[in-house]
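> Sharing a structure, written as structure tokens. Questions coming.
The values are calculated or read from the model by the stated rules, or taken from the named source; none is laboratory data. Since this is a predicted model, take the numbers as computed values, not measurements. Glycine also receives a Cβ, built like all others from the backbone with ideal geometry; neighbour counts cover every protein chain displayed.
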């Protein structure tokens, strides 16, 4: 559960007479193969149904227009 920053702060509080740099803690953790648990703050908001049909291509991938203001294209991804 502890990442570099938490471990460094905990070490600094526990042994204030022996200061250590945060990069040293990071290097030692990497050498031992230790890593903190990443945050899961990103929420998955869209769960598309692959069985549902997607809207058709009305322009059939032909984006050339015969005159101005004849074809309007937008992407709402």
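> Out of curiosity, is residue 73 assigned to a loop (DSSP other than H, G, I, E, B) and surrounded by 10 or more Cβ atoms within 10 Å (Cβ to Cβ)?
no
> Hey, can you tell me all the residues within segment 1-20 that are loosely packed, with under 12 Cβ neighbours inside 10 Å and in contact (Cβ under 8 Å) with a residue 12 or more places away in the chain?
Hit for segment 1-20 is 1, nothing else.
> Follow-up question, since we're still on this one. Assess whether residue 27 counts as being modelled with pLDDT of 95 or more and either exposed (fewer than 13 other Cβ atoms within 10 Å of the Cβ) or more than 30 Å from residue 76 (Cα to Cα) (or both).
For residue 27, the condition - modelled with pLDDT of 95 or more and either exposed (fewer than 13 other Cβ atoms within 10 Å of the Cβ) or more than 30 Å from residue 76 (Cα to Cα) (or both) - is met.
> Any idea how many residues of segment 1-20 are more than 21 Å from residue 37 (Cα to Cα) and in a loop (DSSP other than H, G, I, E, B)?
Residues meeting the conditions: 6.
> Which ones in segment 25-70 are assigned to a loop (DSSP other than H, G, I, E, B), touching a residue at least 12 places away in the same chain (Cβ under 8 Å) and under 30 Å from residue 6 (Cα atoms)?
Of everything in segment 25-70, those that are assigned to a loop (DSSP other than H, G, I, E, B), touching a residue at least 12 places away in the same chain (Cβ under 8 Å) and under 30 Å from residue 6 (Cα atoms) turn out to be 35, 36, 37.
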